[in-house]
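Beneath this line is the structure, given in structure tokens, with notes to follow.
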Amino acid sequence: MIAVVMGVSGSGKTTVAALLAARFGWRFCEGDDLHPRENVEKMRGGTPLTDADRLPWLRRIAGEIDSWRAAGESGVLTCSALKRTYRDIIIGDRSDVALVYLKGSRDLIARRLAARNEHFMPAALLDSQFAALQEPSPDERPIVADVGGSPVEIVDGIARALQGRSAEAVPASRLQPGAEIP
């Protein structure tokens with residue numbers, strides 16, 4: 001299983017995804033590390049990315065996911081994935097990839113961004129992130145996590161939801177009490 005943790009900048013993607021990966025012993029990838037240098041410089045300068053800017057990045061993320069799948073590895077990857085079209089590229093019809101949406105109010109996330117240091121994404125771009133955000137629809141089967149709790153509480157809820165999905169995908173005869181997601 002692979003989980004893509006999405007949300008606007010400052011929603012806690014990196015923190016939650018790293019904790020989730022550690023919880024299950026899965027691989028972890030910070031999706032921002034896959035951005036071309038030009039994208040990072042644009043954002044650092046306060047310029048929002050265009051869809052054309054994002055396309056090579058989204059394809060790299062999809063490639064990373066596909067390489068994990070081909071190797072039979074589970075993992076957690078972060079990606080803002082603000083628009084449905086972006087999620088269609090990175091998740092599409094990959095039934096073994098779960099979408100985790102970190103949802104929070106603009107005020108809460110703005111406070112978090114204001115307290116953050118040394119990140120290329122300036123707080124000034126938060127409004128453009130919320131303007132671009134298309135919340136996942138039910139057909140995407142998102143796991144929606146309220147970011148108002150502590151990171152551990154958020155990860156606990158996501159882990160329970162992922163384990164429930166794993167149980168759906170694995171015949172009951174193969175499940176053992178206390179077993180973790182394969």
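The values are calculated or read from the model by the stated rules, or taken from the named source; none is laboratory data. Bear in mind the structure is a predicted one, so any value in this text is a computation, not a measurement. Because the Cβ atoms are built from the backbone with ideal geometry, glycine has one as well, and the counts that use them run over all protein chains shown.
Tell me which of these SER95 doesn't satisfy, since it passes every other one: (1) at pLDDT below 95; (2) surrounded by fewer than 18 Cβ atoms within 10 Å (Cβ to Cβ); (3) farther than 23 Å from ALA145 by Cβ.
(3)
I'd like the residue in the stretch 35-60 that is in contact (Cβ under 8 Å) with a residue 40 or more places away in the chain and surrounded by 14 or more Cβ atoms within 10 Å (Cβ to Cβ) and, out of all such residues, is farthest from LEU19 (Cα to Cα).
Per the criteria, the residue is PRO48.
Being of a type in the set (Gly, Ala, Ser) and surrounded by fewer than 19 Cβ atoms within 10 Å (Cβ to Cβ) is the filter here, so list the residues in the stretch 1-34 that pass it.
Across the stretch 1-34, the qualifying residues are ALA18, ALA22, GLY25.
Given the criteria within 16 Å of the chain's Cα centre (by Cα), of a type in the set (Ser, Thr, Tyr) and within 20 Å of ALA52 (Cβ to Cβ), does SER74 qualify?
no
Exactly one condition in (1) farther than 26 Å from HIS35 by Cα; (2) modelled with pLDDT of 95 or more; (3) hydroxyl-bearing (Ser, Thr, Tyr) is not met by SER74; state its number.
Here SER74 clears every test but (1).
Is it the case, given these coordinates, that LEU108 is modelled with pLDDT under 90, outside any loop (DSSP other than H, G, I, E, B) and closer than 13 Å to SER11 by Cβ?
no
Scan the stretch 77-85 and tell me whether some residue there is over 20 Å from PRO151 (Cβ atoms) and not charged (D, E, K, R).
yes
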